[in-house]
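Written below as structure tokens is the structure these notes are about.
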Amino acid sequence: MDALDRLAEPGLDLLDRVDPLLASGVPEAHRLWPLLRRMQVLPGDAVRGFLELHPAPLATAGHAVRRLVRGYDDAGATLADPVAWSGPAASAYDEARGALLRHLDEGPESLVGRLDSTAGYADALADWVEGSRLALARALADVLRSAEAVTVLAATRPGADTGLTGVLAAAEIAVRVLSVLGVAYDGAETLLRQWGPSLAETTWRDRPVNAPRYGGTTRIGR
């Protein structure tokens, strides 16, 4: 359990009061409107969605992907072993073997290169989630002890008159929360742009030529 988990209950209780106040009518010139148009979600629902994101599964996925590299290393070691035979089939096999070795583990576009990139992307996402959750927790801590929170609580008591003061206080809280989430989503989009090219599907870069047909002559031992 991190700081965001600990603040989730009181934070959502406050935001569940904020969201209906926003629906009462925020003035058109308020700075909240650009955020609402961009995020397309009220702060309570936005925080609920973000609470589902945790860094641990992403970090675990990165470790699991890296473990797959060992299997490719074993396959590469097998392919690298010399063969004690010669002839057209041996030459074609040697050419195909070299192409496969390059496809397995030569450069960032190889299978191992793509695995390394996938693991790196998972690690970067885990770091992004961890940092974003901390930033959101700080934002919730700030709004929970703010004067606006006191105003919102008073405006949402049974029988209370909402009034413009309560709406403006709710809008200010919403701005603080959605601004942090907007920065977080910008970070996610930046990561995707940075890692996207190295996550593209790898293609076969070498094609063996003159592969032998069945029935060819092969000499063993030379």
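When you check R193 against the structure, is it over 18 Å from L7 (Cβ atoms), at pLDDT below 85, open to solvent by 70 Å² or more (accessible area, probe 1.4 Å) and not aromatic (F, W, Y), yes or no?
Details: over 18 Å from L7 (Cβ atoms): yes; at pLDDT below 85: no; open to solvent by 70 Å² or more (accessible area, probe 1.4 Å): yes; not aromatic (F, W, Y): yes.
Considered against the rule, which asks whether it is over 18 Å from L7 (Cβ atoms), at pLDDT below 85, open to solvent by 70 Å² or more (accessible area, probe 1.4 Å) and not aromatic (F, W, Y), R193 comes out as no.
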**Complete:** Going through the range 9-43 in order, the residues found to be small (G, A, S) and at pLDDT 95 or above are G11
**Message:** For the list (1) in a helix (DSSP H, G or I); (2) modelled with pLDDT under 90; (3) surrounded by fewer than 19 Cβ atoms within 10 Å (Cβ to Cβ); (4) not aromatic (F, W, Y), I need the number of the one condition that A188 fails.
**Reply:** (2)
**Request:** Go through the residues of the range 162-173 one by one and say whether even a single one is polar (S, T, N, Q) and touching a Leu at 6+ places or on another chain (Cβ under 8 Å).
**Result:** yes
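When residues of the range 118-164 are filtered for being among the small types (G, A, S) and closer than 30 Å to P55 by Cβ, how many remain?
Qualifying residue count for the region: 13.
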**Message:** Can you find, within the range 148-167, the residue that is nearest to A29 (Cα to Cα) among those that are open to solvent by 70 Å² or more (accessible area, probe 1.4 Å) and modelled with pLDDT of 90 or more?
**Reply:** T165
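The values are calculated or read from the model by the stated rules, or taken from the named source; none is laboratory data. Computed from a predicted structure; not experimentally measured. Counting neighbours? That spans all protein chains shown, and the Cβs are built from the backbone with ideal geometry, glycine included. In case anyone asks, the SASA skips ligands and DNA or RNA and just uses the protein heavy atoms, side chains included. Shrake-Rupley method; radii C 1.70, N 1.55, O 1.52, S 1.80 Å.
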